[in-house]
Amino acid sequence: MVNLALAWAEAYQGVRPELNLSVTGGGSGTGIAALINGTVDIANASRRIKPEEVAQAEANGVFPVEFAVARDAIAIVVHTENPVGRLTLDQIADIYAGRIDNWSEVGGEDRPIVRLSRETNSGTHVYFLEEVLRHGDSDDKTRFSPDTLLLPSSEGITREISYNRNAIGYDGLGYVTGEVRVVAVGDDPAGPFTLPSAETVNRHEYLIARDLYMYTAGEPTGESLDYLHWILGPEGQAIVTQLGFVPVTPALTSLPPDEAQG
Amino acid sequence: MRLAEVLITRLIRITGYSAIVFVVLIFIFLFGEGAPTLLEVPPGGLLSSRWYPIEGSFGILPLLTGSLLVTLGAALIAVPLGIATAVFVAEVAPRWAREILKPFIEVLAGLPSVMLGFLGIIILAPGLYAALNLPTGLTAFTGAVLLAWIALPTIVSVAEDALDAVPRTYRDAALALGATRWQTIWRVTLPAARSGVLIGTMLGIGRALGETMAVMMVTGNAPVLAFGLTALFRPVRTMTATIAAEMGEVASGSVHYHTLFFIGIVLFLISLAVNLSAASIVFRQRTRAERVLS
C-alpha cells in the first residue's frame with residue numbers, strides 16, 4: 001500500500017505545507033517493526049498487526065491503535081493470451097499449494113504453471129496465504145509450493161506475466177495494469193464468477209478483498225489525528241479511488257488490535 | 001623531518017592493522033548475532049530443505065545450494081572469458097585498440113548492479129524464456145549470466161595489469177628461443193602472471209558471491225534445493241537475496257533475525273575459504289619460484 005501512503009502524504013503536504021511528512025516502503029512488517037521501535041508516528045499495513053507484534057510493542061511501551069483506511073482487492077492475473085478466464089478459490093489454492101501443476105487441469109493449454117508471489121515480508125503474501133491457500137482456517141497448515149517464485153515487487157510480477165504465458169500471479173487491484181489479464185473468481189465451480197472492481201468489492205461480491213490499516217502509537221493526537229481525519233474524509237478517500245483501491249465508510253473507526261484479533 | 005617520518009610510518013602501520021581489526025570485529029559481531037540460531041533451531045532444522053521463515057522453517061540448504069550454483073555458473077562463464085579478454089588486451093590487441101578497450105572495461109566495472117538487474121529483467125529473462133523454451137526466464141542461469149557480466153570487468157582489469165607487469169625480457173627470450181606467439185602467451189607470460197590472474201579471478205568470484213540486487217531481480221527467489229544441471233534452468237534463491245529481502249522485515253532478536261545473521265556467517269566463511277585457497281596457491285607458487293631461482 002506504499003503507493004497509497006505516498007499519494008496521501010503528497011496531497012496532504014499540499015494542504016499543510018508546513019508539515020514534514022516522509023513515507024518509507026518495505027512491506028507491512030517493516031512499518032509495524034518501525035512503530036514498535038518508535039521510529040515512526042504512523043505505520044501503514046496491508047494486514048492486521050499480529051498478537052506477538054502487539055506484545056513486542058507493549059513491551060517497548062508502545063500501544064498500537066488500529067484504523068481501517070481503505071479497502072483492497074487482490075486480483076488473480078495471468079498472461080493476456082491465457083485462455084483461462086475464471087478460477088474457483090479451491091483451484092487457486094490448489095495451484096499455489098502445488099497440487100495443480102498444469103494449466104490443462106483448470107481448462108487451459110497444456111503448459112506448466114509458473115506460480116508468482118510477493119516476498120514473505122509482504123502483507124499481500126500473508127493475506128493470500130491465510131485467506132486463499134488456507135481458506136481463513138487457522139488450523140490449516142497448507143503452504144505455498146516451494147517452487148513458487150517470490151518477487152520483491154508488484155512491478156516484478158507484472159513484468160514477468162506480461163511476457164510469460166505459463167505464469168499466474170496475484171497482486172493488489174491497484175497495481176493491475178493493462179499488460180495482464182485479470183481472472184474472475186468464484187466460490188462454486190458452477191458460478192457465479194466475479195471480476196474485481198470497486199463496485200464488486202464494496203458489494204462484497206468479490207471474494208479476495210481486505211482492509212488496509214494505519215497504526216498509531218497510542219491514541220492519535222495533534223497532527224497525527226488531523227492527518228487520519230483528513231485521510232478518512234472525502235479528500236483522502238478520493239485518492240483511494242483514484243489509485244484503484246476501494247474507499248471505506250468515512251467514520252473514525254478504531255478498535256484495540258488485541259480485541260480485533262479475537 | 002624524522003618526526004614526520006615516524007608519524008607517517010605509524011599512520012600507515014595503524015591503517016594496515018586496522019583492516020585486520022575490522023575483519024575480526026565484523027566476525028565477532030556476525031558470530032554474536034548469528035550463533036544463537038544454533039541453539040534456537042535444531043541442526044536438523046537448519047539442514048532441512050524448507051525455507052519458510054514466517055512459519056519457523058529455517059532450512060538453509062536451498063539458499064546455500066542456490067548461491068553456490070549461481071556463483072559456480074558465473075565463474076564458469078566469467079573466468080575463461082575474462083582471462084581470454086585480458087590476454088587479448090595485454091598481448092594481442094594493437095596499441096590503439098588497447099587504449100580504447102581498457103577504459104571501457106573499467107567503466108563496465110563501475111556500473112551499478114541494479115542497472116544490470118533491470119537489463120536482466122527486461123531483456124535477458126524474456127530472451128532466455130523464448131530462446132530456450134523455459135517455463136520462466138527467472139532462473140539460476142539468468143543470474144549466472146548477469147553475475148558473470150558483473151565479475152568479468154574485475155577479472156579482466158586485474159589480470160590484464162598482471163600480464164602487463166610481466167617483464168618484456170621474458171617474452172623476448174621466449175620468442176628468441178623460437179616459440180610462437182601462442183606458445184609465449186600460454187607457456188611464459190600467463191604462468192609468470194599467474195598470481196595476479198588468480199587474484200583477479202578470486203576477486204571476481206567474490207563479487208559474484210556477494211552480489212545481491214541483480215541476483216534478487218532475476219533468479220525468481222524460489223527456495224528450492226538446487227542440484228545438477230536442470231536446476232540451472234529453474235528458479236533459485238540465493239543467500240544474499242534472502243538477507244536483503246528479509247532483513248528489513250524481521251524483528252530484532254528473533255529466531256529469524258539470528259538465522260539471517262547465521263547465513264551471513266556462512267557467506268563470510270565461504271568467501272574466506274575462497275580467499276585463503278587463492279592465497280595458498282599464490283604462496284606455493286612463489287616458494288617454488290624462489291627455489292628455482294636460488
**Message:** I need the helices (runs of 4 or more DSSP H) fully contained in the stretch A:1-112, keeping only those with at least 2 residues that are in contact (Cβ under 8 Å) with a residue 40 or more places away in the chain and polar (S, T, N, Q).
**Reply:** A:28-36
**Prompt:** For the stretch B:99-130, what are the residues that are within 13 Å of chain A (Cβ to nearest Cβ) and under 22 Å from residue B:156 (Cβ atoms)?
**Reply:** B:114, B:117, B:119, B:120, B:124
**Any strands (runs of 3 or more DSSP E) falling wholly within the stretch A:144-198 and containing at least 3 residues that are more than 9 Å from every other protein chain (Cβ to nearest Cβ) and not aliphatic (A, V, I, L, M)** = A:167-172
**Asked** Can you tell me which residues in the stretch A:81-96 are in contact with a helix residue (DSSP H, G or I) (Cβ under 8 Å, 6 or more places away or on another chain) and away from chain B (no Cβ under 13 Å)?
**Response** A:82, A:84, A:87, A:89, A:91, A:92, A:93, A:95
**Asked** So which of A:89, A:116 is touching a strand residue (DSSP E or B) at 6+ places or on another chain (Cβ under 7 Å), surrounded by 22 or more Cβ atoms within 10 Å (Cβ to Cβ) and modelled with pLDDT of 85 or more?
**Response** A:116
**The listed residue being away from every other protein chain (no Cβ under 14 Å), surrounded by fewer than 17 Cβ atoms within 10 Å (Cβ to Cβ) and not aromatic (Phe, Trp, Tyr), out of B:159, B:93, B:78** = B:93
**Request:** Would you mention how many residues in the stretch B:222-235 are within 10 Å of chain A (Cβ to nearest Cβ) and in contact (Cβ under 8 Å) with a residue 60 or more places away in the chain?
**Result:** 5
**Item:** Subset of the stretch A:3-41 [within 14 Å of chain B (Cβ to nearest Cβ), among the polar types (S, T, N, Q) and farther than 24 Å from residue A:174 by Cα]
**Value:** A:37, A:39
**Complete:** Exactly one of A:224, A:197 is among the polar types (S, T, N, Q) and within 28 Å of residue A:161 (Cβ to Cβ), and that one is A:197
**Asked** Inside the stretch A:142-162, can you point out the residues that are within 21 Å of residue B:119 (Cα to Cα) and without any contact (Cβ under 8 Å) to a residue 60 or more places away in the chain?
**Response** A:149, A:150, A:151, A:152, A:153, A:154, A:155, A:156, A:159, A:160
**Request:** State yes or no: is residue B:136 surrounded by 17 or more Cβ atoms within 10 Å (Cβ to Cβ), among the hydroxyl-bearing types (Ser, Thr, Tyr) and within 14 Å of chain A (Cβ to nearest Cβ)?
**Result:** yes
**The one condition in (1) under 15 Å from residue B:218 (Cα atoms); (2) basic (Lys, Arg); (3) in contact with a Ser or Thr (Cβ under 7 Å, 6 or more places away or on another chain) that residue A:159 fails to fulfil** = (3)
**Asked** Can you name every residue in the stretch B:12-56 that is free of Cβ contacts under 8 Å to residues at least 24 places away in the same chain and either in contact with a helix residue (DSSP H, G or I) (Cβ under 6 Å, 6 or more places away or on another chain) or part of a loop (DSSP other than H, G, I, E, B) (or both)?
**Response** B:42, B:47, B:48
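The values are calculated or read from the model by the stated rules, or taken from the named source; none is laboratory data. Note that this is a predicted model, so its numbers are computed, not measured. Cβ atoms come from the backbone with ideal geometry, glycine included; neighbour counts cover every protein chain shown.
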